[in-house]
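Below you'll find the structure, written out as structure tokens, and then a few comments.
Please treat every number below as a calculation from the coordinates, not as lab data. Small disclaimer: the values here were computed from a predicted structure and weren't measured. FYI the Cβ positions are ideal-geometry reconstructions off the backbone, even for glycines, and counts take in every protein chain you see.
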Amino acid sequence: MWLRFGAETRGFFDIDLNTTQFTIGVAVLIITGALMLLVAVIGDCGACNQSKSALGVFSGLLSFLIIIEIAAGVMAFMWSGKVSEELANFYMTIYTQYLNTRSPGQAMTLKLFHNAFDCCGIGGPIEMFVRDTCPEGNFLKQISFPSCPSVIQDMFNSKAPLVLGGFLGTAGIMTVALVCSVVLSRHVSQPRASPPAYVLLTSSSSLPSVMFPPVHTPPAVQQI
């Protein structure tokens, strides 16, 4: 939601792009976050109310999310080269459009790329066309910025194992929550065979009969 409506990143969606990978990625993040919030609410309701049906729905949705996490991690690892190439093409599209229009939204987008990857433009050490969007620094740093497309591709290729570990770690945490949900669901389904805490004294059928001896009342004394 921050990427979609934030003041610094809203310009991404106002640009006529040739590629839509960024928009699709943000939409996937929003949908996944909403689904995880729904699963969390269902799990809380099932645990607080000891509802076996709610815990079953929670376990099923959580299993689905675990499968998605593992599949997304594996695909991100296997397709890291493709992802980096698409992101580099996305940068080239923004760069080309900025040279033609000098739009403030495109300038903000370039600044985000340059600050995130510590690079500037596509021309190597001295980038004359987008110098105003380069990261701040001294003169030596200004003339030593690398080309952004190559930096983007190298970073994604080198960070692919870390991305896979992040996805698998999240799936592991969700697996722990799934195990806890299954254990709680089995505990709720067990019949309660404990005796009642008290016995109603008004129930004559459950109490043994007790014989009491007769009580003799003395005769009343007449006054003369």
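At an R0 of 35 angstrom, the distance between the Cβ atoms of THR170 and ASN100 translates into a FRET efficiency of 0.30. Across region 2-189, how many lysine pairs, 8 or more positions apart or on different chains, have C-alpha atoms separated by under 27 Å? Please give the number. For region 2-189, qualifying lysine pairs total 5.
Full extension of the chain segment joining GLN50 with ASN157 gains 33.9 nm, where the gain is 0.36 nm per residue of separation less the Cα-Cα distance. Listed by Cβ neighbour count within 10 Å, with the fewest neighbours leading, VAL74, VAL183, VAL26, VAL39 appear as VAL183, VAL74, VAL26, VAL39. In this structure, ILE31 and PHE129 have a Cβ-Cβ separation that, at R0 = 41 Å, corresponds to a calculated FRET efficiency of about 0.65. Volume per residue of the convex hull around the Cα atoms, evaluated for region 2-189, comes out as 132 Å³.
When both region 37-53 and region 56-91 are represented by their alpha-carbon centers, they are found 26 Å apart. Of the options SER84, LEU112, MET128, report the single residue whose Cα projects farthest towards the positive end of the charge dipole of region 47-134 (beta-carbon charges: Lys, Arg +1; Asp, Glu -1). Toward the positive end, the furthest listed residue is LEU112.
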